[in-house]
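What follows draws every value from the coordinates through simple rules; no lab data is involved. What you are looking at is a predicted structure, and each value in this text was computed from that prediction instead of being measured. With ideal geometry, Cβ positions are generated from the backbone for all residues, glycine too; neighbour counts draw on all protein chains shown.
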Amino acid sequence: MALSTELATDFAALAAKYPERRAALIPALHRLQAMRDGWLSPESIEDCAEWFELEPVEVYAVASFYPMFHLAPVGEHVVGVCRNIACHLRGAGRVLAEVENATGAKAGSTSENGRFTVETLECQGACTAAPMIVVDGEYIENIDPAGVGEILGGLE
């Protein structure tokens, strides 16, 4: 699979914003992931590497480093629960239990119906508003376990 004309055009527009082409890799990976079912397949990484004139391992190193990139298929909605110390001390364990209950997916897995992928995250930088979750890239801070069902139910 090669990059579509649309993605190649998007990559060129992104690269034009930076002094060096490879500096556009992270925004390009975001775009690629969004266009390819929310995850980066090995073929997607190879396509990206070819466009950027990099080795696939260089693109993989970037994609595997950042938690916002997924290297395996994910559900329609991705829910991340911060588990770092501030969130942990303020109830992230209870929040995670509610997320798992509401989605039917355990941390690190996707629900049987394919709607939700649940993951635990390291610090998201929202320590003063702990505990927090990330739903489809949107931060929800000061989350009360009782409110999880309402938030996730609103995604129906």
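Rounded, prolate or oblate, given the Cα gyration tensor of region 77-153, with a/c below 1.5 counting as rounded? Prolate shape, in that a/c is at least 1.5 and a/b is the bigger ratio. Highest mobility in the GNM of the chain, judged by mean-square fluctuation with C-alpha springs under 10 Å and restricted to V57, V79, V135, is found for V57. Sorting S41, S4 from the fewest to the most surrounding beta carbons within 10 angstrom yields S4, S41. Taking every alpha-carbon pair under 8 Å whose residues sit at least 6 apart, the chain reaches a relative contact order of 18 percent. Of the GluC sites (Glu not before Pro) found in region 71-135, those in coil by DSSP whose Cβ has at most 14 other Cβ atoms within 10 Å are E112, E122.
For the chain, modelled as a GNM whose springs connect Cα atoms under 10 angstrom apart, the maximal fluctuation among M68, M132, M35 occurs at M35. Here is the short version for the chain: C48, C123, C127 have no other Cys C-beta closer than 4.7 Å.
Assuming a ≥ b ≥ c are the square roots of the Cα gyration tensor eigenvalues, decide whether region 29-69 counts as rounded (a/c under 1.5), prolate (otherwise, with a/b larger than b/c) or oblate.
Since a/c reaches 1.5 but b/c is at least a/b, the shape of region 29-69 is classed as oblate.
Determine the calculated [θ] at 222 nm for the chain from helices alone, applying -39500 (n - 2.57) to every DSSP H run no shorter than 4 residues and normalising by the residue count; nearest 500 deg cm²/dmol. Result for the chain: -12000 deg cm²/dmol, rounded to the nearest 500.
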